[in-house]
Amino acid sequence: MTPTLERWTTERSTELYGVREWGAGFFGISPSGALQVTAEPGNFDHAVSIPEVIEGIQARGLDMPVLLRIENILDTQISLLNDSFLAAIKSLDYKGSYLGAYPIKVNQQQQVVEAVTRHGKKYHHGLEAGSKAELVAAMGMLRDTGAVLVCNGYKDEEFIDLGLHATQMGFTCVLVVEMPGELPLIIKRSRALGVKPILGIRVKLSAQANGMWAESGGDRSIFGLNAAQIIEIIDALKEADMLDCLQLLHYHLGSQIPNIREIRNAVAEATRVYAGLAGEGAGMRYLDLGGGLAVDYDGTQTNFMSSRNYTLDEYCVDVVEGVMTVLDEQGVDHPTIITESGRALVAYYSMLLFNVLDTARFEPEPLSGELPDDTHIHIQHLLETLQALNLRNVQECFNDVLYYRDEVRQAFNQGRISFRERALGENVFWEAVRRIAILAKDLPTLPQELEGISQALSDIYYCNFSVFQSLPDSWAIGQLFPIMPVHRLDEEPTREGLLADITCDCDGKIDRFIDSQGVRRTMPLHELKDSEEYYLGAFLVGAYQETLGDLHNLLGDTNVVTIRIRKNGEFNFVSELEGDSVEDILSYVEYDTKALLTRFRETAEHAVRRGRITATQRREILQAYKNGLQGYTYFER
Ligand SMILES: *Cc1c(COP(=O)(O)O)cnc(C)c1O
């Protein structure tokens, strides 16, 4: 690409990277081309410059990659969700109330759960636990007895006892029955402890959602109870004279439901079940709709899986209205509506920042005129094809160069072409492909064969992070995250590239990017400068990414820095957590690092004995080894 003569503006970067579309008012670009972040959506008067935060992080001695959390964005998200439900309830004159329950599995880090309980207190925002460990965390963190504590997941005796103790202490701790076999154990334990349990039922809805993660709903869902099983539970509760304990109906359609129609259908079906349970005489008080509130990662506002075709306000109004419509018709009291939104609450508040280490370009060496007479015939054909290339024969030439390239490879494998000749042949081939890509831009319609051609010629930017550790959903389920440079946004990005991480794994790359028209295979990037680092950010990574990540290639947890933006636009560093050292990582895979060092000392002593190194050199080598153990697992400059 050649730079245009027209001056590049930050507004053009804003459009190019879709900042307004995915940023939800939290992100913008400053006049000097820095990406900015604010905790008050749409108000950039006191926004913080991300490059300045990076400077502050480095001044404190932490290296890239860094996971940066903006604590008060989480506060804002909690307020937006609660205020939006409260507004819908008020405007529709709904008689019940709303309570949020943050599902711990979405981001279990103590800092996150702490922030949710702290800021969520004024809304009585509660927690949802899906396992014993999560319940133990929740019981340690939650102080507000006005909040709910919802227990999903399969429960053994220990799990049930913990939940009953929480109830004993005055918490609304709901034990949600997920499978028929759980009920007898719950009844037995509550009698033994003398605690009246608060029970819920997880229903398997027939409404099916189509999001990428949405397999929790539908008849084939592996979770929840079907109608016959629910009736059995009601009968068993009647028998035990405990039907009044059943107070909550729960379902979870799946995460990231992009289509509001599916959400409405599920609400309608679940509310009918709720009315049915009330009609049976259960002590119904809560309708828990689970998660599913989506994040618009690509900013397209569509029912594409990385997006959502509704706003938060529409979601809340549709939910409240959906519940009311069914219950008013059946003459059933309005319950407290609970949602377990996780993704929408925490996605925005974390970003992954990393530097680019190097780039690779697919640019052939300039061809020097004539080929020597004895050049292999296939290579001569390649050059002739290249010379005959024009707009009318683009496709034909493309097929020809592919054919001759394969012939060259075959001739090399059979020993008829030298390695140097093969390199020449490949160079001619790439020059032809480069020119074909330029011509193809002027074709009225792009032939199918040529579709991937600009991707094949794009640069590779080698980035200092691990997809497996920091963006696992990008690798595992092809999720899209907004990614862009955090500075130089007043300069035109003149390159197109894809991102490779430092795991040396061929899956360790990102080659799918958000785009208003679907998915891009490359993204616009700036040329690297010798004199300065180039920083990129991956955004909206607060949900699910942190603990799903793994230690592929022994790249560990990144450094984590949390800041709070102050009213005057300054920011405080609230906390810094150092990422894993090499020593930490090795101990995770069961190395005893002390023993490792002892062994290495011996190996070095052998080398001294054999005369390969001197004793002084041994000392230096051992020091380097110790430094290696203590170092960060990522690339350090
Ligand atoms: C995962 C999960 C959630 C969270 O869903 P989000 O779409 O992230 O809000 C809520 N409830 C249950 C039962 C879950 O399993």
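Since every read-out is calculated from the coordinates, none of them should be taken as a lab result. Remember, it's a predicted structure, so these values are computed and weren't measured experimentally. We place every Cβ from the backbone using ideal geometry, glycine too, and count neighbours over all the protein chains shown.
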For region 6-142, average projected area of the Cα convex hull in nm²: 12.2
Within straight-line cross-link reach of residue 594, aspartates and glutamates at Cα separation under 15 Å, skipping those fewer than 8 residues along the same chain: 583, 584, 602
Positive minus negative residues near residue 365 (Lys, Arg vs Asp, Glu; Cβ under 15 Å): +1
Above-threshold pairs, the threshold being 22 Å between Cα atoms, out of 95/204; 155/204; 122/196; 529/626; 122/204: 95/204; 122/196; 529/626; 122/204
Prolate/oblate/rounded label for region 104-251 (Cα gyration tensor, a/c 1.5): oblate
Total charge dipole magnitude, region 291-447, about the Cα centre, Cβ charges on Lys, Arg, Asp, Glu only, Debye to nearest 20: 760
Student exercise, region 101-159 dipole from Lys, Arg, Asp, Glu Cβ charges, in Debye to nearest 20: 300
Lys/Arg +1, Asp/Glu -1 at C-beta; region 501-637 dipole; positive extreme among 544, 572, 627: 627
Calculated [θ] (222 nm, deg cm²/dmol) that DSSP helices of n ≥ 4 give over the chain, each run adding -39,500 (n - 2.57): -12500 deg cm²/dmol
Cα gyration tensor category, rounded, prolate or oblate, for region 68-182 with a/c compared to 1.5: oblate
Total formal charge among the other residues, if their Cβ is under 14 angstrom from that of residue 629, Lys/Arg +1 and Asp/Glu -1: -1
Region 493-624: radius of gyration and largest Cα-Cα distance (Dmax), Å: 21.9, 67
Separation of alpha-carbon centers, region 133-209 and region 321-357, rounded to whole Å: 21
Relative contact order computed over the chain (Cα-Cα under 8 Å; 6+ residues apart), in percent: 16
Per-residue Cβ neighbour rank within 10 angstrom, fewest leading, 22, 475, 430: 430, 475, 22
Leading residue at positive end of dipole, region 367-428 (Cβ point charges), from 419, 390, 404: 419
Ranking of 552, 250, 378 by count of other Cβ atoms within 10 Å, fewest first: 552, 378, 250
Neighbour net charge for residue 560 - beta-carbon separation under 10 angstrom, K R +1, D E -1: -3
DSSP beta bridges in the chain [antiparallel fraction, %, rounded to 5]: 50
Region 98-205 - percent relative contact order, Cα under 8 Å, separation 6 or more: 22
Distance from region 36-75 to region 605-637 (C-alpha centre basis), Å: 38
Cα centroid separation - region 368-396 against region 563-604, whole Å: 55
Ranked list, fewest to most other Cβ atoms within 10 Å of each Cβ, for 571, 362: 362, 571
Size of charge dipole - the chain - debye, nearest 20, with Cβ of Lys, Arg +1 and Asp, Glu -1, no other charges: 1300
Over region 349-465, volume per residue of the alpha carbon convex hull, in Å³: 157
